[in-house]
Amino acid sequence: MAEPLKVIDAITAAELADNGALLVDVREDMEFAQARIPGSVNVPLSGLEALDIPAAPDQPIIFFCASGNRTNVHRGRLQAKAGETPGYVLGGGIVEWAQAGLPIETD
């Protein structure tokens, strides 16, 4: 059985991403288009079950949304999608990432 998704902060998420973890943005397409974490992929919650997450086997996955609310509410769905792959939730979402001074791409 997979470990529950662990909640992590932005600095820990950035370190994991630097070491190969995949950042998965679960916000909707329009939100992703406006601002995103560089290198992240968009897998909106509205299509989560139908979409594939482009992670390599055993590649850790870090799920995030805007503030952490959606990822917290949908933790069970995200855990199911991660399966046996190590999974994390960025507690404060992209807002915490930006507040930590980490890079954001905008259109």
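The values are calculated or read from the model by the stated rules, or taken from the named source; none is laboratory data. In this text the structure is predicted, and so the values were computed from the model without any measurement. All Cβ positions, even for glycine, are placed from backbone atoms using ideal geometry, and neighbour counts span all protein chains on display. Keep in mind that these areas ignore ligands, DNA and RNA; they rest on the heavy atoms of the full protein, side chains included. Shrake-Rupley method; radii C 1.70, N 1.55, O 1.52, S 1.80 Å.
Here are some notes:
- Close pairs (6 angstrom Cβ cut-off, 6 or more residues apart or separate chains): under 13 Å from residue 62 (Cα atoms) in the stretch 27-51, among the polar types (S, T, N, Q) and surrounded by 15 or more Cβ atoms within 10 Å (Cβ to Cβ) anywhere: none
- Filtered by the rule that a residue be small (Gly, Ala, Ser) and modelled with pLDDT of 95 or more, the stretch 56-67 gives 66, 67.
- Residues satisfying the stated conditions in the stretch 78-107, i.e. within 14 Å of residue 6 (Cα to Cα) and charged (D, E, K, R): 84
- Applying a threshold of 7 Å to beta carbon distances and a minimum spacing of six or more residues, or different chains, the list of pairs starting in the stretch 85-105 at a residue that is among the polar types (S, T, N, Q) and ending at one that is open to solvent by 40 Å² or more (accessible area, probe 1.4 Å) and modelled with pLDDT under 95 reads 85/58.
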